[in-house]
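See structure below.
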Amino acid sequence: MATFIKLAWRNLWRNKRRTIITVTAIMFAVLAAVFMQSINRGSYEVMIDRMVSFNTGYIQVQDYRFDDESSLDNSFYYDEELRDKVLNADGRIDKIVPRIETFMLAANDVSTRGAVVLGIDPDKEHEFNEIRNILAEGRFFESGEQSVVLGQGMANRLQLSVGDTLALMGQGRFGMSASGLFEITGIVDHPIRDFNNQVVYLPLDTAQELLSADDHVTSVLITLQNERHTDPVAASLKSELDGGELVVYTWPELMPEILELMEMDLAVPRLLTVVLYIVIGFGFFGTVLTMTMERLKEFGVLLSIGLKRLGLASILFLETLLFSLMGVLFGLGFAWSILKLIDPINLSGEAAQAVIDLGFDPVIPMSFAPDQFYTQGFYVFIIAMIVFLFPLIKISRLNILEAARS
Amino acid sequence: MKTLLNISWRNIWRHPARSSVLIAAIVAGLWAGVVTVGLVNGLMLQRIDYLIESEVTHAQLHHPEFLAEGYSWLSIPNHDEIKNWLENDDRVKAFSFRTITDGMLQSPVKTSGVRIRGVDIESERRTTTFHENIVEGSYLDDGTSNAVIMGKKLAEDHNMEIGNRVVLTFEDTNNELVSGSFNIVGIFQSASTTYDERNVFVRSDDLISQLSDSPIYHEAGMMLEDEDLASAVVSDLNSSFSGIEAQTWRQLSPELSMLVELGGVMVILITLIIMIALAFGILNTMLMALFERMRELGMLISIGMSRLRVFAMIMTEAVILTITGAAAGMVLAWFTIRQFSTSGVNLEMFAEGAAQLGWDYIIYPVLTPMEFVAILTVVVVITLVASAYPALKGIRINPLEASRNA
């Protein structure tokens, strides 16, 4: 075996040009495949990332009835004891962000708008999603203040600015009427368009008082040191809270619509990836075929001087393995660097305007999700190995005399 | 020249395997390009058509500030004259006036912000295909008084079923808040969950009676005999009537124009990736083939064939291969497109999970003759460029060395 490996290795370097061509072929195949994935997934990742940090969090704890009926009646009591219980459920939990959320009417002196009212702890919220950085004007309130921060779209529609007063009207917990006047301390340019047009942030304690929901919250967001730990942490939280009235959701469970939409949108790129594999396969097959033809004489000679067909096949297989591994590894490195280089692609002209109108940045972001690197690398590796079956078959059928003479 | 053609022709048939792989790579590339562009086009067109037909229509007119401000007193002036104009213009196939206001939907469960759309069922049915989105119950026309239909998502959020009542609260034209109880008669599901969550439909008469003393309309949607007439009709409307603003679907829906613009960019990027993969496949095969022939080329140069003629010979071979491949590829691609444009491509197997959104899984590819020619040109140019490089390399060889080794 050691001899075979040595032979295979030497064969690779005996004809450097050939090796380089074959390795480049695999490299570009990997590059194209990763590229295709990355370009299609990038925009969704940005969207999901925003949703996770400003809306759902990685993990959420809610009352078990809240998913069915997301009303304030299904909020839950949140105190130090519960906080410690959640925090101690798993060592990988980073922070806990409590929120109370409801729908109310927001009004200026003449007209009203529907508003998503979010009671938040400004410091915890900022540690989680750096919400202070999206302030367009003014400042963020501190806990206990009778003041609000509005989304820019909301402020424009009500023609309100920093320093003005906003009236909130609606229903508190258990049908209590809730209304109050609040000073606007800041306006945020919210990255989620719907929030920008609808959101009103209040200090958590002020919101609880307004909604007759003292010490109650509708959800607790849990942040992690590493996103990868979402599932295990959710599992340990589930067992910690088992038997109570609280349930645990992970972010994919909290925004199934976006994930479904992404699946739908990725169906075509997946089909196109198959088309790409066909193109790659043919290009690659051409390279391998010519290489085999070129080496038929060599194979013939080797077999004539007594190398078993199985032995020759093993050497060739080892060569293939080395080729493919090198190609895939270089390809992945190359793909990563190129993606880094062009990320994000800036749009211009009408395309850019269309995207800005929709409230997004005029760029096509690239995805750097690790799974696309290894899955695409793996697929191309498999294609390479399948294509290399051809020379193996050729060897098994080789007419030694003819081949060695040609 | 004739001799050259002869030699090239024979060279091609001297290595039938290699030549057929090259032809196959070109066929695959052309086929892949056509299928890719056809599918992406088909997908985009399907989505655009769906949005236009079910909701946006070819053109709409509003009070100039209505879309930005959304107040219910911003209604369309001169409703009767405009209606008359639309009825008498041959380019307008169908039109429908709508009464729209933003408000709140209250159920025993909770309160949500919604846009309330009052429609005239008869003209709406003629104009849009929105009635096809009804998944349960009827489309406001079963005689129930104060009927409302709501999106599936919204109904689920509120635990509402057909036959239940909800309260709609909104501002009338005098800025007074009014509430009305409405009976759910139908549930709809459109392509967008967000849309389903944010819009409810009532009959315009029911809405007008609570909203204002006299009939008011905020929006007119019109379908035209041809999509291309949109800008002409819009500019005629804008110059004939004051106090309104007519817009084409492109101006109206940022989602749609993003689909159109970004879709175009994506087609180019994806086609580029596939073409680059194709180019490398061909380049590598050509390079391999040439290295194998170094000895032969060295010999030809040694016996006095000019380098230019050798280059011409290699290129002639490439041209013959390309023409054959392109012709075969075109036939294959044409058949594929023809087949799938009637039967459609089912993408279900490429979508993970049971995503059930409004978009169809079956895509009907669309390809204009212009695009067909463009792809053909790209493939031919790529192949020739990919062959020129190894051919140039070939004529720079040292004939003595080349004919001695290899």
Exactly one condition in (1) of a type in the set (A, V, I, L, M); (2) within 13 Å of another protein chain (Cβ to nearest Cβ); (3) touching a residue at least 12 places away in the same chain (Cβ under 8 Å) is not met by residue B:68; state its number. (3)
Residue B:250 fails exactly one of the following numbered conditions: (1) within 28 Å of residue B:121 (Cβ to Cβ); (2) open to solvent by less than 10 Å² (accessible area, probe 1.4 Å); (3) not assigned by TED's automatic domain parsing to the domain that holds residue B:72; (4) not polar (S, T, N, Q). What is the number of that condition? (2)
So residue A:134 clears everything in (1) out of contact with any helix residue (DSSP H, G or I) (no Cβ under 9 Å at 6 or more places or on another chain); (2) over 13 Å from residue A:198 (Cβ atoms) except one condition, right? Which one? (1)
Within the stretch B:301-330, residues farther than 25 Å from residue B:369 by Cβ, assigned to a helix (DSSP H, G or I), open to solvent by 40 Å² or more (accessible area, probe 1.4 Å) and not aromatic (Phe, Trp, Tyr) come out as B:302, B:307, B:308, B:309
Restricting the stretch A:65-88 to residues that are open to solvent by less than 20 Å² (accessible area, probe 1.4 Å) and in contact with an Asp or Glu (Cβ under 8 Å, 6 or more places away or on another chain), the one farthest from residue B:103 (Cα to Cα) turns out to be A:86
Quick check on this structure: which one of B:36, B:57 is away from every other protein chain (no Cβ under 14 Å), more than 30 Å from residue A:155 (Cβ to Cβ), surrounded by 18 or more Cβ atoms within 10 Å (Cβ to Cβ) and of a type in the set (Val, Ile, Thr)? B:57
Elements of type strands (runs of 3 or more DSSP E) in the stretch A:20-129, at least 3 residues being in contact with a helix residue (DSSP H, G or I) (Cβ under 7 Å, 6 or more places away or on another chain) and under 29 Å from residue A:263 (Cβ atoms): A:59-63
Every residue from the stretch A:163-200 that is surrounded by 17 or more Cβ atoms within 10 Å (Cβ to Cβ) and away from chain B (no Cβ under 13 Å): A:166, A:180, A:182, A:184, A:185, A:186, A:187, A:188, A:190, A:191, A:196
Whichever residue in the stretch B:265-279 is without any contact (Cβ under 8 Å) to a residue 12 or more places away in the chain and touching a helix residue (DSSP H, G or I) at 6+ places or on another chain (Cβ under 7 Å) and, among such residues, is farthest from residue B:33 (Cα to Cα): B:265
Suppose we keep only residues that are within 14 Å of another protein chain (Cβ to nearest Cβ) and in contact with a Ser or Thr (Cβ under 8 Å, 6 or more places away or on another chain) within the stretch A:290-321. Which one would you say is surrounded by the fewest Cβ atoms within 10 Å (Cβ to Cβ)? A:297
Report whether or not residue A:117 is within 14 Å of chain B (Cβ to nearest Cβ) and surrounded by fewer than 21 Cβ atoms within 10 Å (Cβ to Cβ). no
Which one of these is of a type in the set (Gly, Ala, Ser), touching a Lys or Arg at 6+ places or on another chain (Cβ under 8 Å) and at pLDDT 80 or above: A:300, A:306, A:327? A:300
Single residue of A:194, A:205, A:242 found to be at pLDDT below 85, more than 23 Å from the chain's Cα centre (by Cα) and not β-branched (Val, Ile, Thr): A:242
Go through the residues of the stretch A:59-67 one by one and say whether even a single one is under 30 Å from residue A:375 (Cα atoms) and either over 29 Å from the mean Cα position of the chain (by Cα) or not polar (S, T, N, Q) (or both). yes
Does residue B:76 satisfy the criteria of being buried (at least 19 other Cβ atoms within 10 Å of the Cβ) and within 14 Å of chain A (Cβ to nearest Cβ)? no
Of the residues that make up the stretch A:261-281, is at least one in contact with a Gly (Cβ under 9 Å, 6 or more places away or on another chain) and small (Gly, Ala, Ser)? yes
Test residue A:4 against the criterion of being among the aromatic types (Phe, Trp, Tyr), within 39 Å of the chain's Cα centre (by Cα) and in a helix (DSSP H, G or I), and give yes or no. no
Inspect all residues belonging to the stretch A:16-35 and state whether any of them is under 30 Å from residue A:189 (Cα atoms) and crowded, with 21+ Cβ neighbours inside 10 Å. no
Search result, residues across the stretch A:254-309 that are among the acidic types (Asp, Glu) and in contact with an Asp or Glu (Cβ under 7 Å, 6 or more places away or on another chain): A:263, A:294
Across the stretch A:89-104, what is the total count of residues that are open to solvent by less than 10 Å² (accessible area, probe 1.4 Å) and free of Cβ contacts under 8 Å to residues at least 12 places away in the same chain? 0
Looking at the structure I just gave you, is residue B:271 in a helix (DSSP H, G or I), at pLDDT below 85 and away from every other protein chain (no Cβ under 11 Å)? no
Test each condition in (1) more than 11 Å from chain A (Cβ to nearest Cβ); (2) of a type in the set (S, T, N, Q); (3) in contact with a Phe, Trp or Tyr (Cβ under 7 Å, 6 or more places away or on another chain); (4) open to solvent by 10 Å² or more (accessible area, probe 1.4 Å) for residue B:112 and report the one that comes out false. (1)
Exactly one condition in (1) open to solvent by 10 Å² or more (accessible area, probe 1.4 Å); (2) aliphatic (A, V, I, L, M); (3) closer than 25 Å to residue B:201 by Cα is false for residue B:44; which is it? (3)
Show me the helices (runs of 4 or more DSSP H) found entirely inside the stretch B:1-100 where at least 2 residues are among the acidic types (Asp, Glu). B:79-88
Long-range neighbours under 7 Å by Cβ, at least six apart or interchain, first residue facing another protein chain (nearest Cβ under 8 Å) and under 28 Å from residue B:335 (Cβ atoms) within the stretch B:1-29, second of a type in the set (Ser, Thr, Tyr) and surrounded by 15 or more Cβ atoms within 10 Å (Cβ to Cβ): B:18/A:290; B:21/B:285; B:22/B:285; B:25/B:285
Identify all residues within the stretch A:120-133 that are open to solvent by less than 20 Å² (accessible area, probe 1.4 Å) and closer than 30 Å to residue B:106 by Cα; write none if there are none. A:120, A:122, A:125
Let me confirm something: among B:305, B:294, B:288, B:313, which residue is touching a helix residue (DSSP H, G or I) at 6+ places or on another chain (Cβ under 9 Å), away from chain A (no Cβ under 14 Å) and at pLDDT below 85? B:305
Please state which one of A:136, A:106, A:155, A:89 is within 12 Å of chain B (Cβ to nearest Cβ) and either more than 29 Å from residue B:109 (Cβ to Cβ) or not charged (D, E, K, R) (or both). A:106
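The values are calculated or read from the model by the stated rules, or taken from the named source; none is laboratory data. All of these numbers come straight from a predicted model, not from anything done at the bench. Virtual Cβ from ideal backbone geometry, glycine too; neighbours counted across all protein chains shown. The area values use the complete protein model at the heavy-atom level, side chains included, leaving out ligands, DNA and RNA. Shrake-Rupley method; radii C 1.70, N 1.55, O 1.52, S 1.80 Å.
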